Amino acid sequence: MNQHLKILIVDSSPLVSPNIRELLGKSREGTYVREASCYSDALYLLKQIQFDMLVYDTRLPERLRNSLLKYTKARYPRTRMVPFHRYPKAFPTETRPGDLN
């Protein structure tokens, strides 16, 4: 039987999470992806489902991020934790439009 990959994305941005969800969902047939926009939603989902991967925004407040990672590691030690960082602008400041040609 084919085991489905279960992924939880924790990010407060309503623009970023859906895009990550779409990319991860298309990467493997049967991938189960859920989103949480805050610590309490993430904790609720983690208590309900054993996820294979936790994808989290490094911009989450440090105290909440640390609590979330500690909880996940203690309860599900085999869950992979993958940080991501979204840039505040479309391009880093040192990139100029002419550099892309």
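The values are calculated or read from the model by the stated rules, or taken from the named source; none is laboratory data. Predicted model only: the values in this text are computed from it and were never measured. When we count neighbours, we look across all protein chains shown, and the Cβ atoms used for this are built from the backbone with ideal geometry, even at glycine.
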For the range 57-81, name all the residues that are modelled with pLDDT of 90 or more, in contact with a strand residue (DSSP E or B) (Cβ under 8 Å, 6 or more places away or on another chain) and not charged (D, E, K, R). LEU68, LEU69, THR72, THR79, MET81
Scanning the range 37-53 for residues that are outside any helix (DSSP H, G or I) and at pLDDT below 90 gives SER37, CYS38
Please identify the pairs in which a residue from the range 68-80 that is over 14 Å from TYR44 (Cα atoms) and of a type in the set (Ser, Thr, Tyr) has its Cβ atom under 6 Å from the Cβ atom of a residue that is outside any loop (DSSP other than H, G, I, E, B) and modelled with pLDDT under 95, counting only partners at least 6 apart or on another chain. THR79/LEU54; THR79/THR72
Do the conditions hold for LYS26, that is, is it at pLDDT below 90 and not hydrophobic (A, V, I, L, M, F, W, C)? yes
Among the residues of the range 54-88, write down those that are assigned to a strand (DSSP E or B) and either crowded, with 17+ Cβ neighbours inside 10 Å or among the hydroxyl-bearing types (Ser, Thr, Tyr) (or both). LEU54, VAL55, TYR56, ASP57
